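Undergrad: Okay, here's the structure, questions in a sec.
The values are calculated or read from the model by the stated rules, or taken from the named source; none is laboratory data. This is a predicted model, so every value here is computed, not measured. Neighbour counts are summed over all protein chains in view; Cβ atoms, including those assigned to glycine, are modelled from backbone coordinates with ideal geometry. For accessibility, only protein heavy atoms count, side chains too; no ligands or nucleic acids. Shrake-Rupley method; radii C 1.70, N 1.55, O 1.52, S 1.80 Å.
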Amino acid sequence: MAPIYKHGNRKILFVCLGNICRSPAAEGILKHIVECNGMAHAIQVDSAGLGPWHVGQLPDSRMRAHGERHGYHFNSKARMFQTDDFDNFDLIIPMDDENADTLRSMARSPYDIRKIVPMVNFLRHHPMHTTIPDPYYGTDHSFELVIQLLEDACQGLFQEIMKKG
């Protein structure tokens, strides 16, 4: 995880399959935390998907609705992960093992691979979860669970950045 500990601005990229549920929610939650702590000048946050299905679309309406209930605004437009994202971000955070494996297969070097750190590594209060599950085919409970997991992991990530930065 050495890339996030360098001096200066931190650039964080969240990645999921389609960039309409988990990764834009993580982006919105971390942006909220960063802004509330006066660190927007030092921590940049973005999200991307591994597939082209939703490019240019807003996040899933169910995810936006659940985010609104928690005070978040998930309004980024979906985009696809590009290989040059390895050059543009210090930390690339996949939501599940499949996303992580795909990112590793796209990596060009061991340095790129070191930037890939699963989101669950930052969970503090949900140790029984080994992935951030995809809520797309789930129920309202699925979306609510993802919000709770992402709030926990984003807080953990922010604390890690501040502690090491």
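Undergrad: When a/c is below 1.5 the answer is rounded, else prolate if a/b is larger than b/c, else oblate, so apply that to the stretch 1-81 with a ≥ b ≥ c taken from the square roots of the Cα gyration tensor eigenvalues. Numbers along the way, then the final one.
TA: Numbers: a/c = 2.67, a/b = 1.33, b/c = 2.00.
It is oblate, given that a/c is not under 1.5 and a/b is not larger than b/c.
Undergrad: If you don't mind, another one. Taking all protein chains in place and a 1.4 Å probe, what share, in percent, of the accessible surface of the stretch 38-140 do carbon and sulfur account for?
TA: Values: 2840 of 5510 Å².
C and S fraction of accessible area: 52 percent.
Undergrad: Any idea how far the Cα center of the stretch 120-141 sits from the one of the stretch 33-74, in Å?
TA: 17
Undergrad: Let me ask something else about it. Residues of the chain: accessible area per residue at 1.4 Å, in Å²?
TA: Working: 7780 Å² over 165 residues.
Using a 1.4 Å probe on heavy atoms only, each residue of the chain averages 47 Å².
Undergrad: So, one more: What ³J(HN,Hα) values, in whole Hz, does the Karplus curve 6.51 cos²θ - 1.76 cosθ + 1.60 give for the stretch 55-63 when θ = phi - 60°, with x put for Gly and Pro?
TA: My calculation for the stretch 55-63 gives 3, x, 8, 6, x, 3, 4, 5, 5 Hz in order.
Undergrad: With runs of 4+ DSSP H residues as the only contributors, calculate the mean residue ellipticity of the chain at 222 nm using -39,500 (n - 2.57) per run, divided by the residue total and rounded to the nearest 500. Numbers along the way, then the final one.
TA: Details: 6 runs with 68 residues, N = 165.
That calculation yields -12500 deg cm²/dmol at 222 nm.
Undergrad: Return a single number: how many Lys pairs in the chain, at a sequence separation of 8 or more or on separate chains, have alpha-carbon atoms below 23 angstrom apart.
TA: Taking the chain as the scope, the lysine pair count is 15.
Undergrad: Still on this structure: Would you pull out the residues with amide H under 5 Å of I116's amide H, same chain only if 5 or more places away, H placed 1.01 Å from N?
TA: I92
Undergrad: Still on this structure, please answer the following. For the stretch 15-29, just list the computed ³J(HN,Hα) in residue order, Karplus coefficients 6.51, -1.76 and 1.60, θ = phi - 60°, integers in Hz, with x standing in for Gly and Pro.
TA: 3J(HN,Hα) across the stretch 15-29, in whole Hz: 9, 9, 5, x, 6, 10, 10, 5, 5, x, 5, 4, 4, x, 5.
Undergrad: In what sequence, highest mean first, do 144-157, 63-76 appear when ranked by Cβ atoms within 10 angstrom?
TA: Details: 144-157: 21.6, 63-76: 16.8.
Output ranking for 144-157, 63-76: 144-157, 63-76.
Undergrad: Moving on. Send over the per residue convex hull volume for the stretch 17-165, Cα only, as a whole number of Å³. Let's see the in-between values first.
TA: Numbers: hull volume 16.8 nm³, N = 149.
Taking the convex hull of the Cα positions in the stretch 17-165, it is 113 Å³ per residue.
Undergrad: OK, next. Once phi is turned into ³J(HN,Hα) by the Karplus curve 6.51 cos²θ - 1.76 cosθ + 1.60 with θ = phi - 60°, what whole-Hz value does each residue of the stretch 64-74 show in order, with x for glycine and proline?
TA: With coefficients 6.51, -1.76 and 1.60, one gets 4, 5, 5, x, 4, 4, 9, x, 9, 10, 9 Hz.
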